[in-house]
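Worksheet: one structure, shown below.
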């Protein structure tokens, strides 16, 4: 039986995992870099251990330091979260070799499914359709060029060892291949410690639909239905929803069965996600398997009514699933918005700095998974995700309305965020109609700019940051009718 779990991650996902661990009556251990000494996940944990300098290679990717932290604190389980070492079989293997429990899949399954080209081979054997592409990795430019000519441009170069849009580049023509391959390989090496890449045919305007699975150590495998993740920037999701607005019951059943077939073929255990691309004709194609907890797992939790982290821990502890496929149903509709410290009006450039003020949106059906608080520094070294806002409603329209209001209630001052963009996306005619695809932002919001009043308040926040730590709530202050103003959302305030 597990008694103490070290979370080998940071930010909102570390906080979210620890909340479930504590609910289960288990102790928690945080690890942190020098840049994260004052981070929220450190404050939430029962114990915290510094593991190195700010750079990921010296801290969150430092396997020896993480194992030592587990040993020094008496942790008997390690949850990797997502990103960093979450899909690294060498890390999972080392955890097991040390006699600790890795809260994730077996090393063999992780190696097969975590390596994208091997996963494609498994999918083919399981008779699941795949996107045309290479079935082996390589960084030889001549070989990549030959494969691209056979498959036909445009193509996608992709990292073999990880996901999340890292190491992915769209190549429209042969003259772009060299630079794109070098950049993709370098980014993959930095993010996953493995620079190998492969290529796939780039489909035009597909939907990105993924299926959540759970598999225990006793041969039981279920799917927890789908999430649509088509609203993306730089191949990384920013808005997800469940159910997909276009899946019929028959297609849902077919995609769920395909997901189960792939993970069964790999001997998979624990939580995982099988990703597909769906074309306008309803044809779906296997994309990859993420052998970890997904960023967007909360929307599945909201519509299915399960705590995926709790089930991850139970599975790792050897417990069988307490339900079958027939017991699972979708109820209502859930949407997640990822709140990043980035500037969507400036190519989604990261925005580092101190959080001056933060307010949590609340209300029926609202969940806020956050890794920040007023006064904390947002470092430049890591993925810029700050928090995730989730809204559930009995219908898709109700969920959209709740999410828009929750975004308007969400306050993050001191850094630029994507909140205003997401309000406009959700309120757009195309999104409300469910007409989404992976090129949605490029097609409809390529020249998006914040409203003039929102921009005015953003400048005010920047100016105030030079003189005060945060706005002081008082009985007087500017009154504006624009409810998009984060300053107004804080209530009546003045600069003290």
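Just a few scattered comments:
- Calculated FRET value between residue 205 and residue 451, using beta carbons and R₀ = 22 Å, to 0.05: 0.20
- Label zone at residue 176 (point 7 Å along Cα-to-Cβ), backbone N below 14 Å, segment 218-245: 234-235
- For segment 207-444: relative contact order, % (alpha-carbon pairs under 8 angstrom, 6 or more apart): 21
- For segment 4-103: rounded, prolate or oblate by the Cα gyration tensor [a/c cutoff 1.5]: rounded
- Förster radius 25 Å - calculated FRET efficiency between residue 324 and residue 395 (Cβ-Cβ, nearest 0.05): 0.35
- Based on the Kirkwood approach, the hydrodynamic radius assigned to segment 92-161 is 14.2 Å, with every pair of different Cα atoms included.
- Using alpha carbons only, the radius of gyration of segment 248-347 set against its Kirkwood radius gives Rg/Rh = 1.00.
- Distance histogram in 5 Å bins (all Cα pairs of segment 207-444, percent per bin): 1, 6, 14, 18, 18, 17, 13, 8, 4, 1
- With the convex hull drawn around the C-alpha atoms of segment 152-280, the volume per residue stands at 121 Å³.
- Å³ per residue enclosed by the Cα convex hull of segment 376-440: 111
- Ordering of 111-120, 18-27, 286-295 by burial proxy (mean other Cβ atoms within 10 Å per residue, highest first): 286-295, 111-120, 18-27
- The fraction of Cα-Cα pairs per 10 angstrom bin, counted from 0 for the chain, comes to 4, 19, 30, 28, 15, 3, 0 percent, rounded to whole percents.
- Under 19 Å from the residue 72 label point (7 Å along Cα→beta-carbon), backbone N, segment 81-98: 95, 98
- Relative contact order for the chain, counting Cα pairs under 8 Å that sit 6 or more residues apart, in percent: 13
- Our estimate of slack between residue 218 and residue 362, defined as 0.36 nm per intervening residue step minus the Cα-Cα distance, is 47.9 nm.
- Multiplying the residue separation of residue 264 and residue 354 by 0.36 nm and subtracting their alpha-carbon distance yields 27.8 nm.
- Cα centroid separation - segment 294-326 against segment 28-94, whole Å: 23
Only the coordinates and a few stated rules stand behind these numbers; no lab work does. Computed from a prediction, not measured in an experiment: that's the story for all the values here. Every residue, glycine among them, receives a Cβ derived from its backbone with ideal geometry; neighbour counts consider all protein chains shown.
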